[in-house]
Amino acid sequence: MGQNKFPKPIKKASLNNNLSHRSYASKIASPPKYILRAEDLSVGFSGKTVLNKINMDVAEYAVTAIMGPSGCGKSTFIRAINRMHDLDDKATVSGKLYLRKDDLFAASAMEVRRRVGMVFQKPNPFPSMTVAENVLAGYTLNGISLKRHEKEQLVEENLQKAALWSEMKDRLHDRGNFLSGGQQQRLCIARSLAIKVEILLLDEPTSALDPLATLKIENLIQKLKKEITILMVTHNTGQASRISDYTAFIYLGELIEYNKTKKIFTVPKDKRTERYLSGKFG
Amino acid sequence: MKEQGLGRPRDIRSLAGYGNIARRQFKNRLFTGLCLFLSILVVIPLATILVVVIKKGGLNVLSAGFFTEITPVPNAAFGTGGIANSLVGTMLLCVLGSLLAVPLGIAAGLYMAFSKRKKFCDSLYFFCNTLQSVPAIVTGIFVYTVLVKPFGSFSLFSAAIAFALVMFPIIALATAEIVKLCPLAIIEASYALGASFYKTIVKVVLPYSAAGIVNGFIVALARSAGEGAFLLFTAFGNPFISYSLWQPTSALPLTIFQFAISPYENWQEIAWGASFVLMALVLLVNIVSKLIYRKKF
């Protein structure tokens, strides 16, 4: 397994979100075992707090699932990582986010987004572009010109990574929006992979898809974690238990519990997690 | 009434039977008939215009040299002369006016759609709406005062400015409206790949909205090209083909106006022919725009 090549990502102590701000700050200088760290991250819209002081580390080369009932702030959390709230005037973000050692709020949003890929709930390939152009969109949109062989290589490599090559190799020049929903979503994943992001955020990537397409995406996520860190939001607890290595449970804007998936699903520490997992609410 | 055949629950069936069915059906038919009658009434003038123009002007167009010769002198023989100078003038105006109005209109439309300074955008919107409803003759007087008088001559240049002023608000408003329809999802997707605002607009939003913007442009072009009032103050008219920016120029609506009110019969014939050509052009342009729009949406 690819995972063994890398340092074991999570230590028990740092998984505990009750750690004080100070103890987090003292650890930042140490070599990154975690690719992403959130410190007291709060997000509000028009003065109303949606996400309240989240402290969380995200393990490298693993799948971390964020689950919680609708409106709990899970999408708000991952959109903060990609600086998507910059686009909304009403959003206020406070706290710190580090990708490796870099402060994500100090860098320019464009730079952050080139390192942090995002796939949205609804598949959104660019309708005016072909399949191949969609894969290369990250380059064209950043004004980087590629040579022909580089383009061909990038398209094939990333469509293969996204398990789409065999279906798409004869349709590279078809418009991206004529594909099926599942294919569109995998195309969106390929588009993010093509710019070699360090972490891939998935915002309920399968909620608009049928079970078969969902299965394909889930298999793909399993395969991809060998090369890339994946942080996904899901409201499907079954999905979280199937494919994630770590699971965070967010409820009413608070990080309630964060642990290895096995532990959360077998011996949840918090009553609310237990109630959520047993379907009592959410 | 058989309950099973209608498949309605009992209480609703009894409600449906309430009142005088025959009277209600009569009222319904009366209303439909009235709508039909009124719509036919509206179509009659348009159809009449088409018939008269085709009848009076259609034949003239067929004469040799109608498109290649310049306008004839008064009382020349029928069938001599053409509208070449007006056609050239109108074409030049279309090209120059579009070159001015399209970039400005699209830029203004994009700004109105995307800027976060809402109050300023609202006033821009209001400004464009007002400019759109300014009568063309007022636009003409305005351009006459600020361009024609200081330069000391009627010119293609001043006419092109007036032409662009008529086109600009239509393009700006159409762009703003169409660009707002671009789904947030694909704009977000572009930003999520690290694209700048500029690249997002050029590579994602504009290609998506292209058909709508082209449609807006064509509507603006048709409106401007068919408008004659502002030309009286700016282009003035020219019996010869002129390509100079600083010379007066002829244009189709201008020729129609000047020739139709003249006492010379051969000029009146030319005016009918020019009307036919102008109408055919505007109609063609409108049909093309509809086709483009339908293909996209």
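Read-outs throughout are calculated quantities, based only on the coordinates presented, and are distinct from any laboratory measurement. Predicted model, so just to flag it, every value in this text is computed and none were measured. Methodologically, a virtual Cβ is constructed for each residue, glycine included, from the backbone with ideal geometry; neighbour enumeration extends over all protein chains shown.
Table for the structure above
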quantity: About the Cα centre, charge dipole magnitude for the protein assembly as shown (Lys/Arg +1, Asp/Glu -1 at Cβ), debye; calculated: 2500
quantity: Dipole-positive endmost among B:LEU34, B:LEU87, B:LEU124 within the range B:11-160 (Cβ charges, Cα centre); calculated: B:LEU34
quantity: Assigned charges on the beta-carbon of Lys, Arg, Asp, Glu; the range B:72-231 dipole about Cα centre (debye); calculated: 400
quantity: Separation of the A:SER278 and B:PHE37 label points, Cα + 7 Å toward Cβ, nm; calculated: 7.5
quantity: Dipole magnitude of the range B:35-164 about its Cα centre (Cβ charges: Lys, Arg +1; Asp, Glu -1), debye to nearest 20; calculated: 440
quantity: Inter-probe distance in nm under a simple model that places probes 7 Å from Cα toward Cβ, at B:GLU265 and A:ILE144; calculated: 7.8
quantity: Diffusion constant of the protein assembly as shown at 10 °C, which comes from Stokes-Einstein with the Kirkwood Cα-pair radius and 1.306 mPa s, µm²/s; calculated: 54
quantity: Distance from the range B:139-198 to the range B:210-260 (C-alpha centre basis), Å; calculated: 18
quantity: Proportion of all alpha-carbon pairs of the range A:2-277 beyond 30 Å (%); calculated: 28
quantity: Pair A:LYS169, B:GLN132: separation of 7 Å Cα→Cβ label points (nm); calculated: 5.2
quantity: Distance from the range A:232-260 to the range A:78-154 (C-alpha centre basis), Å; calculated: 24
quantity: Average beta-carbon neighbours from other chains, 10 Å sphere, peptide B:193-205; calculated: 6
quantity: Extreme residue, positive dipole direction of the protein assembly as shown, given options A:PHE45, A:LEU200, A:VAL233 (C-beta unit charges); calculated: A:VAL233
quantity: The range B:24-173: proportion of alpha-carbon pairs further apart than 21 angstrom, %; calculated: 68
